[in-house]
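The values are calculated or read from the model by the stated rules, or taken from the named source; none is laboratory data. Since this is a predicted model, take the numbers as computed values, not measurements. Quick reminder, even Gly has a Cβ in these numbers, built from the backbone with ideal geometry, and neighbours come from all protein chains shown.
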Amino acid sequence: MRSIVLQHMIDNKDHYIEQWRVSFDELLFSRSESTIKPQYIQDEMKEEFVSVIFDTLTMDGHSRRAVVKRFAERLIHDGWVVSEFIMSLQKLRRIVMKDLSNHYDREKFVDLSGELEDWLDEQITDLTTEFAKNHEEVKAIQTVALKELSAPLIPVFDKIVVMPLIGTIDTKRASQIMENLLDGIIEHRAQVVLIDITGVPLVDTMVAHHIIRASEAVRLVGAECLLVGIRPEIAQTIVNLGIDLGNFTTKSTLKKGVEAALQMTHRDIITNEEPVTGGGLN
């Protein structure tokens with residue numbers, strides 16, 4: 001059986017929606033995690049939120065949570081700040097509470113206000129729970145994507161893979177490089193790994209230490225490691241710092257590294273030069 005408060009809200013739906021819309025103007029719905037939302041998008045989200053709250057008054061718990069879940073997903077996707085929507089529910093609470101006090105005696109009002117508080121608590125809990133859950137799911141997906149992009153392992157030939165590194169290498173990223181290297185070698189059954197540091201702006205002792213550790217780990221799983229993309233200024237830095245890369249096969253470019261990797265896997269590059277035949281234009 002539907003509660004008196006919910007039935008009262010359903011019976012006076014248009015009245016409450018009209019008053020609630022007015023209260024929206026006091027809130028900063030333009031605020032988001034990334035950009036200022038245009039007015040028409042703000043208005044669209046306000047109307048959708050109104051529908052979520054009032055259309056779900058007649059739904060069972062499962063259907064209502066499904067609607068709230070979809071709304072929370074949109075909040076996450078479009079970068080909205082959930083606190084503004086929770087604050088708007090508090091404004092709706094005050095509107096309904098004032099109306100109830102005008103319709104019922106004090107004793108009945110106390111009972112109904114308790115029902116209203118329970119209903120609002122449920123709406124806020126469902127919205128924040130779904131928002132937090134979706135936020136964590138998005139973060140997990142972004143973390144995986146960032147992990148793959150920060151240290152991708154690309155198969156270029158059978159048993160030969162390349163890991164192009166771009167940007168600075170800190171301890172956290174070095175750990176990702178190591179993990180992706182070892183997993184990728186097993187997955188692709190690689191015999192030779194080329195670590196391309198063309199896009200690494202600085203190679204200091206810490207970066208060199210991480211690369212050396214990665215090379216040693218590669219050898220432990222039965223593959224060979226080549227360091228490629230060593231620019232003249234990087235080579236000079238390595239020498240000045242006294243970094244020992246004697247156990248590495250190093251090449252100045254990726255092209256030379258691929259050629260060396262093909263030789264290490266007992267393959268040759270054959271240039272097929274066919275003579276040009278046929279007459280010219282008459």
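Data table
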{"item": "Within segment 228-270, considering residues that are assigned to a loop (DSSP other than H, G, I, E, B) and within 36 Å of the chain's Cα centre (by Cα), the one nearest to His209 (Cα to Cα)", "result": "Phe248"}
{"item": "Segment 150-169, subset modelled with pLDDT of 90 or more and not in a strand (DSSP E or B), residue surrounded by the most Cβ atoms within 10 Å (Cβ to Cβ)", "result": "Lys159"}
{"item": "Boolean, Thr56 is over 23 Å from His8 (Cβ atoms), β-branched (Val, Ile, Thr), modelled with pLDDT of 85 or more and part of a helix (DSSP H, G or I)", "result": "no"}
{"item": "Criterion (assigned by TED's automatic domain parsing to the domain that holds Lys13, among the aromatic types (Phe, Trp, Tyr), farther than 15 Å from Thr129 by Cα and crowded, with 16+ Cβ neighbours inside 10 Å) met by exactly one of Phe71, Phe54, Phe85", "result": "Phe54"}
{"item": "Criterion violated by Arg231 - all others in (1) modelled with pLDDT under 90; (2) among the charged types (D, E, K, R); (3) in contact with a helix residue (DSSP H, G or I) (Cβ under 7 Å, 6 or more places away or on another chain) satisfied", "result": "(3)"}
{"item": "Subset of segment 94-143 that is of a type in the set (Phe, Trp, Tyr) and under 20 Å from Val67 (Cβ atoms) - its residue that is surrounded by the most Cβ atoms within 10 Å (Cβ to Cβ)", "result": "Phe131"}
{"item": "All positions within segment 87-143 that are free of Cβ contacts under 8 Å to residues at least 40 places away in the same chain and hydrophobic (A, V, I, L, M, F, W, C)", "result": "Leu89, Met97, Phe109, Val110, Leu120, Ile124, Ala132, Ala140, Ile141"}
{"item": "Cβ pairs under 8 Å, 6+ apart, first in segment 176-192 and surrounded by 15 or more Cβ atoms within 10 Å (Cβ to Cβ), second among the acidic types (Asp, Glu)", "result": "Asn180/Glu148; Gln191/Glu224; Val192/Glu224"}
{"item": "Checklist (1) closer than 22 Å to Ala261 by Cα; (2) in a helix (DSSP H, G or I) applied to Ala190, failing item", "result": "(2)"}
